[in-house]
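Student: My questions will all concern the structure given below.
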Amino acid sequence: MGKIGKRDLRRWRGLKSLVHDAIDATSELVELGHESTARNVTGVTDRLPPLRTPARVVDGVRRLGTRGVLGTIKLVNRTVEAVSDVALDAVERRLDDEPGVVDALPMRSDTTSSGAWIADAALGLVNAAVGDHLGARANGLDLDMAFRIGDRYVALDRETIEAQLDPPSKKVALFVHGLGTTEWSWCLEAEAYHGDPSISFGVLMARDLGYTPVFLRYNTGRRVSQSGRRLAELLERFVEAYPVEIDDLTILGHSMGGLVARSACHYGVEAGYAWPALVRRVFYLGTPHQGAPLAKLGHAMTDMLDTVDLPGTKIVARILASRSDGIKDLSLGSVVDEDWLSAPPDVASDAPLLPHASHFFVSATITEDPGHAVGRLIGDLLVRVPSADGPRQRETHFAIETRRYGGVMHHQLQNHPAVYAQILSACTRTQAGIELGLLGHIHDGPRSFSGDGHVAPPRRG
């Protein structure tokens, strides 16, 4: 059995803390259900004068008793938490500090049966669901933003980064994963697609184009704008610490990752950082620039259920309302603070794309014909084609290319051979003006496309 370090202990402490939080939350749901039931009963008895006063007295006694019991449960719960934390503090003081370089889960598609993969996948899902809560509570399960090079998470200093590179390339490809996953998702189904479980876009770009692949790991339950601002800050430190001068920074974002990339570019320019000028291309793979249907549905259901004063609807509405801020941002495709600091808008705020970079929007449909009406309606099951085709913006001119792939699901865009063929083609073109063969524009009306891609799913067996 491996040695337990401080990071492992923080994870266990974080899990314990989350259980205590869940107990409190459950107590509050029980109280919410009691109050909803009581309001319905008193709503009837208030119309009957002989019953109005005694019913109100009984309800007052009921409320005091319920709050007393639930308050006791919360008190005992937090007392147990405090006592167990004291014991964990004593253990933590005896553990060694963690090194500046931390081993990561191997990026291979054949690790899915291992305990390490299950734990990593669970962390990604927990962060998606309640990541904002984890961050606010400094919970040990919070996936703080980190850069991965090879099989290590690295500190942003020259010595640590240089030790992971042999040799460092002047071209860097940054991969930003989507909601509910970790950076491991970039090697999804590698063996089925490429005949080798270790193949990812990062491996292919290093082999074919000479890029240094860097994978971002972050808490997808946080606000997209918070992750974007944090990424902008860390990218500046990364570029400063990188052993050689970078002349080509290509960013690839899958799903929410594309929104985080857009947000980072926005805040990087706003802060006057140097790294945005190095960005040559940004690939948005299945990114919900105009929102995702399931996120929109969750928002609508929360409002609808909350208007009905019944325990079954109030409790469900409260649970839906407690979904993470990151999930809420997917409703509109929000990328800036203004979208959540003010009243919820009907559309996401305008955050201009980098005008000097080339932008590639990739969408997929579950139908083999990407132009099929059903495919355009439901897209890849999670993101519809118009949303993945790019953000709504005022008439803006820059290099753009849009591709659609049929017979491909949302998660498959991260490692599909046909998508990589498009990445390879784009990255081998040199000058931004000639690079795409066209100068495109985004606006609220019809869009122009460079072409559709019809690809078949990988054969198995």
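The values are calculated or read from the model by the stated rules, or taken from the named source; none is laboratory data. Keep in mind that this is a model prediction, so the values were computed, not measured. Positions of Cβ are generated from backbone atoms using ideal geometry, with glycine treated the same way; all protein chains shown enter the neighbour counts. Calculation scope for accessible area: heavy atoms of the full protein, side chains included, ligands and nucleic acids excluded. Shrake-Rupley method; radii C 1.70, N 1.55, O 1.52, S 1.80 Å.
Student: It is to be established whether one or more residues within the range 427-438 are open to solvent by less than 40 Å² (accessible area, probe 1.4 Å) and either over 25 Å from Gly210 (Cβ atoms) or at pLDDT below 75 (or both).
Tutor: Within the range 427-438, one or more residues are open to solvent by less than 40 Å² (accessible area, probe 1.4 Å) and either over 25 Å from Gly210 (Cβ atoms) or at pLDDT below 75 (or both).
Student: Does Val308 satisfy the condition of being over 21 Å from His411 (Cα atoms), at pLDDT below 95 and crowded, with 22+ Cβ neighbours inside 10 Å?
Tutor: Considered against the rule, which asks whether it is over 21 Å from His411 (Cα atoms), at pLDDT below 95 and crowded, with 22+ Cβ neighbours inside 10 Å, Val308 comes out as no.
Student: Okay, moving on. Within the range 181-210, track down each residue that is open to solvent by 20 Å² or more (accessible area, probe 1.4 Å), among the polar types (S, T, N, Q) and within 19 Å of the chain's Cα centre (by Cα).
Tutor: If the condition is that a residue be open to solvent by 20 Å² or more (accessible area, probe 1.4 Å), among the polar types (S, T, N, Q) and within 19 Å of the chain's Cα centre (by Cα), then Thr181 is the only one that fits.
Student: Determine which member of the set Arg148, Arg152, Arg108, Arg137 is surrounded by fewer than 17 Cβ atoms within 10 Å (Cβ to Cβ), touching a residue at least 24 places away in the same chain (Cβ under 8 Å) and of a type in the set (Lys, Arg).
Tutor: Checking each option against the conditions leaves just Arg137.
Student: Hey, can you tell me all the residues within the range 138-176 that are touching a Gly at 6+ places or on another chain (Cβ under 9 Å) and among the basic types (Lys, Arg)?
Tutor: Matches in the range 138-176: Lys170, Lys171.
Student: Next question. Can you tell me how many residues in the range 399-427 are touching a residue at least 12 places away in the same chain (Cβ under 8 Å), in a helix (DSSP H, G or I) and among the hydroxyl-bearing types (Ser, Thr, Tyr)?
Tutor: Of the residues in the range 399-427, 1 are touching a residue at least 12 places away in the same chain (Cβ under 8 Å), in a helix (DSSP H, G or I) and among the hydroxyl-bearing types (Ser, Thr, Tyr).
Student: Moving on to the next point. May I ask you to list the residues in the range 201-233 that are over 19 Å from Tyr153 (Cβ atoms) and out of contact with any helix residue (DSSP H, G or I) (no Cβ under 9 Å at 6 or more places or on another chain)?
Tutor: Answer for the range 201-233, where residues must be over 19 Å from Tyr153 (Cβ atoms) and out of contact with any helix residue (DSSP H, G or I) (no Cβ under 9 Å at 6 or more places or on another chain): Arg207, Gly210.
Student: Since Thr160 meets every condition but one in (1) modelled with pLDDT of 95 or more; (2) open to solvent by 20 Å² or more (accessible area, probe 1.4 Å), which condition does it not meet?
Tutor: Single failed check for Thr160: (1).
Student: I'm trying to understand the selection: among the residues of the range 217-274, which are open to solvent by less than 10 Å² (accessible area, probe 1.4 Å), in a helix (DSSP H, G or I) and of a type in the set (S, T, N, Q)?
Tutor: Those that are open to solvent by less than 10 Å² (accessible area, probe 1.4 Å), in a helix (DSSP H, G or I) and of a type in the set (S, T, N, Q): Ser225, Ser227, Ser263.
Student: Here is a further query. Looking at Leu88, is it exposed (fewer than 12 other Cβ atoms within 10 Å of the Cβ), at pLDDT below 85, on the phi < 0 side of the Ramachandran plot and aliphatic (A, V, I, L, M)?
Tutor: no
Student: Looking at His34 and the list (1) modelled with pLDDT under 70; (2) out of contact with any Ser or Thr (no Cβ under 6 Å at 6 or more places or on another chain); (3) more than 26 Å from Gly131 (Cα to Cα); (4) open to solvent by 40 Å² or more (accessible area, probe 1.4 Å), which single condition is not satisfied?
Tutor: (2)
Student: Conditions: (1) assigned to a helix (DSSP H, G or I); (2) more than 18 Å from the chain's Cα centre (by Cα); (3) not basic (Lys, Arg). Pro213 meets all but one. Number of the miss?
Tutor: (1)
Student: Moving on to the next point. Out of Val385, Val419, Val336, Val362, report the one residue that is at pLDDT 85 or above, of a type outside the set (Gly, Ala, Ser), within 23 Å of Arg229 (Cα to Cα) and open to solvent by less than 20 Å² (accessible area, probe 1.4 Å).
Tutor: Among Val385, Val419, Val336, Val362, only Val336 is at pLDDT 85 or above, of a type outside the set (Gly, Ala, Ser), within 23 Å of Arg229 (Cα to Cα) and open to solvent by less than 20 Å² (accessible area, probe 1.4 Å).
Student: So the check is Cβ under 6 Å with 6+ separation or different chains; which pairs have a first residue in the range 261-276 that's over 14 Å from Leu234 (Cβ atoms) and a second one that's part of a helix (DSSP H, G or I)?
Tutor: Listed by first residue and then by second, the contacts come to Val269/Pro276.
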